[in-house]
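Where a number appears in this text, it was derived from the coordinates with a stated rule and is not lab data. No experiment lies behind these values; they were computed from the predicted model shown. Here the Cβ is made from the backbone with ideal geometry for all residues, glycine too, and neighbour counts use every protein chain on show.
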Amino acid sequence: SYRKGGYHAVRVGDSFAAGRFIAQRKLGWGQFSTVWLAYDTQTLKYVALKIQKSAPEFVQAAVHEIEILSTITENDPKNEKCVVQLVDHFKHRGPNGQHLCMVLEFLGDSILHLIRYNRYKGINLYKIREICRCILTGLDYLHRELVILHTDLKPENILLVSTVNPSKDPIKSKTPPILERPEGSLTGGAAVNVIEKKLKQRARRAVAKIAAERRGGAPEVKPERCLDGIDFTCKIVDLGNACCADKQIAEEIQTRQYRAPEVILQSGYSFPVDMWSFACTAFELATGEMMFAPKPGPGFSEDEDHLALMMELLGKMPRKIAIGGGRSKDYFDRHGDLKRIRRLKHSSLSRLLIDKFKFPETDAREFAEFLNPILDFDPEKRPTAQQCLQHPWLRQTAAKTVA
Ligand code: ATP
Ligand code: MG
Ligand code: MG
């Protein structure tokens, strides 16, 4: 993907925006961009630099994301609404074309890391309440104040607010380049792979060297250690798929496992789709497992398995909802029963929490009472983020749960 129209290859020490930002290390990447930790020589702070691929469709997507991020930032001057803020944006010309770059506030690991570092065993309920409160604060802000749907809420897109300074001693722009692209005579896929491999090895060695040199700087903190910290806060990120509630473009939204039933059935969607994804995310935090992980099987599709899993856990879908979508006829008969998956193994959220995840009965009951209404098949009956924030489950204090 490091070719014309694709990613921009960054070297540690590269400077951006006429020398203002200096690349420090890669933080992550996605389908649209690579994201680098950068030092802002103007404010003397660390930022996250999201460097978009350069092809027109990616530029277009970045323009859209910048628009949304600007709205989010302008309307939250105190930075207290739990959604990532845009510091600046600029264009950067490189060998692969012109890249739109977003300068974002620097955040920490995603809560997916948190789940993984806890070896999929789930996280203490008190901490989950803290994270849920942040996510709901962010959703309430997007939905009620800005009329924006996120449409891709999931653990990967919730980042912890980093309390650790990456280093007291940022890499300066004069650092010799460590990731040069050799101008060789090699061409073709295999040759490119060899080059990529060598470049990666060299980059790794260089980064290891830099790391060794900076021993004595602030240590990187592993997520499991963050867990024992005090309060956690986190923020919603990746507004690349967000849209104004009245200007919906995509029919198929959301990452599969976090997708709401009305999206599968194509019954029209709005804010409640984010609430559904929120409930799936909260469940995953508490149990370490996805609430729904559908797979296609003999004689049925992934969508049908997904609907079946939902009904096994949440009860039968009301007939009116089941047969009311543009795609209902593909999956349901006129009685509102699935056409191709006939025998469902009914359970309930609290039973699952007790039997499979070994929750104490009270914890299971209280958590299920919080989640069940958000997983109503009827999107209009789901509570809003604002209503969820008032729920007694979230209002339990640390004293009560920790003791
Ligand atoms: P996607 O394919 O998910 O749409 P994308 O190209 O839009 O990806 P993002 O999801 O915004 O990119 O970012 C990619 C990764 O970079 C994130 O998963 C995260 O690990 C890291 N990242 C993004 N923003 C920040 C930030 N503000 N602070 C720290 N890390 C970040
Ligand atoms: Mg992402
Ligand atoms: Mg994105």
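Okay, here's what the table says:
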item	result
ASP231-ARG256 FRET efficiency (beta carbon distance; Förster radius 45 Å; 0.05 resolution)	0.90
Protection proxy ranking of 386-395, 256-265 - average other beta-carbon atoms within 10 Å, highest first	256-265, 386-395
Pair THR362, ASP330: separation of 7 Å Cα→Cβ label points (nm)	4.7 nm
Violating pairs (Cα-Cα greater than 32 angstrom) within the set LYS91/LYS235; LYS127/LYS381; LYS81/LYS329; LYS235/LYS345; LYS78/LYS168	LYS81/LYS329; LYS235/LYS345
All-pairs alpha carbon distance profile, the range 256-375, 5 Å steps from 0, percent	2, 11, 20, 24, 20, 13, 7, 2, 0
Range of Cα positions in the range 322-403 per principal axis (Å), largest first	51, 31, 14
Whether the range 1-59 is rounded, prolate or oblate, judged on the alpha carbon gyration tensor where a/c under 1.5 counts as rounded	prolate
Stretchable slack from ARG3 to ASP169, in nm (0.36 nm times residue separation minus alpha-carbon distance)	56.5 nm
Percent of alpha-carbon pairs separated by more than 20 Å within the range 3-114	39 percent
Three-way shape call for the range 242-306 based on the alpha-carbon gyration tensor, with the a/c threshold at 1.5	oblate
Label-point separation in nm, GLU380 to LYS45, each point 7 Å along Cα→Cβ	4.4 nm
Sorted peptide list for 363-370, 71-78, 352-359, criterion being average Cβ within 10 angstrom, highest first	363-370, 352-359, 71-78
Whole-Å semi-axes of the range 330-372's equivalent ellipsoid (Cα gyration tensor)	30, 12, 6
Karplus (6.51, -1.76, 1.60) ³J(HN,Hα), θ = phi - 60°, over the range 373-381, in Hz, Gly and Pro reported as x	x, 6, 9, 5, 5, 8, x, 6, 8
Per-residue ³J(HN,Hα) for the range 342-349, Karplus 6.51 cos²θ - 1.76 cosθ + 1.60, θ = phi - 60°, Hz, x for Gly and Pro	9, 9, 9, 9, 6, 9, 8, 4
For the range 296-403: relative contact order, % (alpha-carbon pairs under 8 angstrom, 6 or more apart)	21 percent
Label point distance in nm, ALA293-LYS26, each placed 7 Å from Cα along Cα→Cβ	2.7 nm
